[in-house]
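Undergrad: Encoded as structure tokens, here's the structure I'll be asking about.
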Amino acid sequence: MDPAYYDYPLRNVAGYYSANFGEMRPNHFHAGTDFKTDGVEGKPVVAVADGYVSRVSQSPTGYGLALYVTHPNGTTSVYGHLSRFRKDIADFVFSERHRLKQSRVDLYCQADQFPVKRGEEIARSGNTGSSQGPHLHFEIRDAKTQKTLNIISQGIVTPKDDISPYIMKVHYVEVDTVRGVPCHSKLATYAVHKADANTYRTAQKSPIKVGRKGYFIIETSDRKNDVANTYGVYNMVAKLDGKAIFEYRNDGFPFDLSRYCNAVSHYPIQRRSRNEVMRAAMLQGGTKYFYPTLVNHGVVTTAEGEERKMEFVITDDCGNTSTLAFDIVGKSNDACFKGEVAEDATIVEYNRDFAHKVDDVLSVVIAKGSLYESIALDIERSDVAIKADSTIKVLSPAYRIHDDNTPLQKSIGPVFTQDVEERLQPYTVMASVSSGGYLYYSGGRYRHNRLTARTSSFGTFCLVADM
């Protein structure tokens, strides 16, 4: 793409950014770039190039009020969280909402319906949908594939940024495989310190002891000039003895790959961190899409007493780079991690469909591709003390389905088989149960003595009637 083809999407703003492309969000990569609107709504939003409004949506969630403009060069620009549309577009949306008798609409427009010129105002910025404050969410997509593109790395917008990425910690995990199940040791964590503007060193001076096989995890984040926000990193390269064995880069992605952020990151830490927790390896059921360089899946092999050198080069979307280098040495064979999987364990393979039943009450269906790696499934009745108010009747025991620190690429299907008195059946749903025993609605449909539900995360669940 030619960066000169596109205009800046806002007017009368200072020109700062609150989030960049590809940041790790809960269960998805951030698909666009968030532009600050100086803490207020109502800033003019303009078409970044000639084209036509091809889609308009209004929703209380997601992008809220959003416009999609298709351009002759084969791209579509997206403008989200708007406060209002241009009058003729707003009149069209108002008319269609009343005709359809719907408050939430997603409308597609003809090419001659709302033509626009570069720099022409099409909306005002806002805070609608799933927004935490006034800003403009902006994307450029390939119009044919809907692949969303990294507009900063491609120079379409150029934030003021001469700050190299920050590196906070390095973790190491040993790996072993038993019965096809990848086993991981506990993390060994090492502090790092800044040697100069863009060079980091481990606080530990002696070589880090590593096992026969393992990989590293880097906690990092980026900054930009004049703002306090943290941002995602664009590129990370791992080098072993000077040779690149792993590279992550995010120039853009189709939306069906967005959830793979759960495998790109180290999920148990990432879900609780504002930093980027980058796994320098590809999981068994991951995708190679984000890895231009991948040797042995990024796993580092080291013999007993062997000394090697690790280096990580982390680059932000404006080209600033930081480097972390340290020595490693192989442990004695006796000290290396050895995975264990019980002989009677229930194995769920990442690339095969699976179904399992507990008691006569709960069964679970896990389709192939739901897992990022094969697991020894941990599923059993839970003794958690459920806290339910007088409007909720608990109809089944609680069951723990594996571990909520294990992410899912696709949702899984718990099925409860339970007789429920007829008066309660219309109100019967699945609830998730927190570690403290509190209940949260998880949906599902009860028919013929069975409730079938879907959940996008492992956890603890039970059957309730919410009256």
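The values are calculated or read from the model by the stated rules, or taken from the named source; none is laboratory data. In this text the structure is predicted, and so the values were computed from the model without any measurement. Accessible surface is based on the protein model in full, side chains and every heavy atom, while ligands, DNA and RNA are left aside. Shrake-Rupley method; radii C 1.70, N 1.55, O 1.52, S 1.80 Å.
Undergrad: Calculate for the chain the 222 nm mean residue ellipticity that helices alone would give, adding -39,500 (n - 2.57) per DSSP H run of length 4 or more and normalising by residue count, nearest 500 deg cm²/dmol.
TA: It comes out at -1000 deg cm²/dmol, rounded to the nearest 500.
Undergrad: Another question, if that's okay. Could you go through region 335-350 in sequence order and give the Karplus-derived ³J(HN,Hα) for each residue, using 6.51 cos²θ - 1.76 cosθ + 1.60 with θ = phi - 60°, rounded to whole Hz, and x for Gly and Pro?
TA: Working through the residues one at a time gives 8, 6, 5, 10, x, 9, 9, 4, 4, 9, 5, 8, 8, 10, 7, 5 Hz.
Undergrad: May I pose another question? I need the P(r) histogram for region 397-467: all alpha carbon pairs, bin width 5 Å from 0 out to the longest distance, whole percents.
TA: Whole-percent P(r) values from 0 Å outward: 3, 17, 29, 24, 15, 8, 2, 1.
Undergrad: Are any of the pairs K169/K213; K213/K368; K331/K368; K169/K387 more than 31 Å apart by Cα-Cα distance, and if so, which?
TA: K331/K368; K169/K387
Undergrad: Let me ask you something else. Report the Cα-based extents of the chain along its three principal axes, largest first, to the nearest Å.
TA: Cα extents, longest axis first: 72, 69, 36 Å.
Undergrad: Would you mind estimating how fast region 92-160 diffuses translationally, via Stokes-Einstein at 10 °C and 1.306 mPa s with the Kirkwood radius over Cα pairs, in µm²/s?
TA: Rounded, D is 102 µm²/s.
Undergrad: Now for a separate question. Report the accessible area of I269, computed with a 1.4 Å probe over the heavy atoms of all protein chains in place, in Å² rounded to the nearest 10.
TA: Surface open to solvent at I269 totals about 40 Å².
Undergrad: Once neighbouring chains are kept in place and the probe is 1.4 Å, which whole percent of the accessible area of region 349-399 is contributed by carbon and sulfur?
TA: 44 percent
Undergrad: Same structure, new question: Return an integer: the convex hull volume of the alpha-carbon atoms of region 191-342, in Å³ per residue.
TA: 143 Å³
Undergrad: When the accessible area of region 1-105 is computed with all protein chains present and a 1.4 Å probe, what percentage of it is carbon and sulfur?
TA: Of all accessible area on region 1-105, carbon and sulfur atoms account for 52 percent.
Undergrad: Step through the residues of region 265-280 one at a time and calculate ³J(HN,Hα) from phi using the Karplus curve (6.51 cos²θ - 1.76 cosθ + 1.60, θ = phi - 60°), rounding each to whole Hz and writing x for Gly and Pro.
TA: So the Karplus estimates, Gly and Pro as x, are 8, 8, 4, x, 7, 4, 5, 10, 10, 8, 6, 8, 10, 8, 7, 8 Hz.
Undergrad: If you don't mind, another one. Placing one identical point scatterer on every Cα of region 172-259 and ignoring solvent, what is log10 I(q)/I(0) from the Debye formula at q = 0.21, 0.26 Å⁻¹?
TA: Ignoring solvent entirely, the Cα scatterers give -1.35, -1.41.
Undergrad: Roughly speaking, to the nearest percent, how much of region 407-467's 1.4 Å accessible area is carbon and sulfur?
TA: It is 45 percent, rounded to a whole number.
Undergrad: Let me ask something else. Rolling a 1.4 angstrom probe over the protein heavy atoms, how many square angstrom per residue are accessible across the chain?
TA: Roughly 45 Å² per residue, with all protein chains present.
Undergrad: Taking the Cα centroid of region 334-380 and of region 22-50, what is the distance between the two, rounded to the nearest whole Å?
TA: 40 Å
Undergrad: List the equivalent ellipsoid semi-axes of region 355-449 in whole Å, largest first, each obtained as the square root of 5λ for an eigenvalue λ of the Cα gyration tensor.
TA: Equivalent ellipsoid semi-axes, largest first: 24, 16, 12 Å.
Undergrad: How much of M467 can a 1.4 Å solvent probe reach, expressed as accessible area in Å² and rounded to 10?
TA: M467 exposes around 110 Å² with every protein chain in place.
Undergrad: At 25 °C and a viscosity of 0.890 mPa s, what translational diffusion coefficient does Stokes-Einstein give for region 1-110, taking Rh as the Kirkwood radius over Cα pairs? Give it in µm²/s as a whole number.
TA: Stokes-Einstein gives a translational diffusion coefficient of 160 µm²/s.
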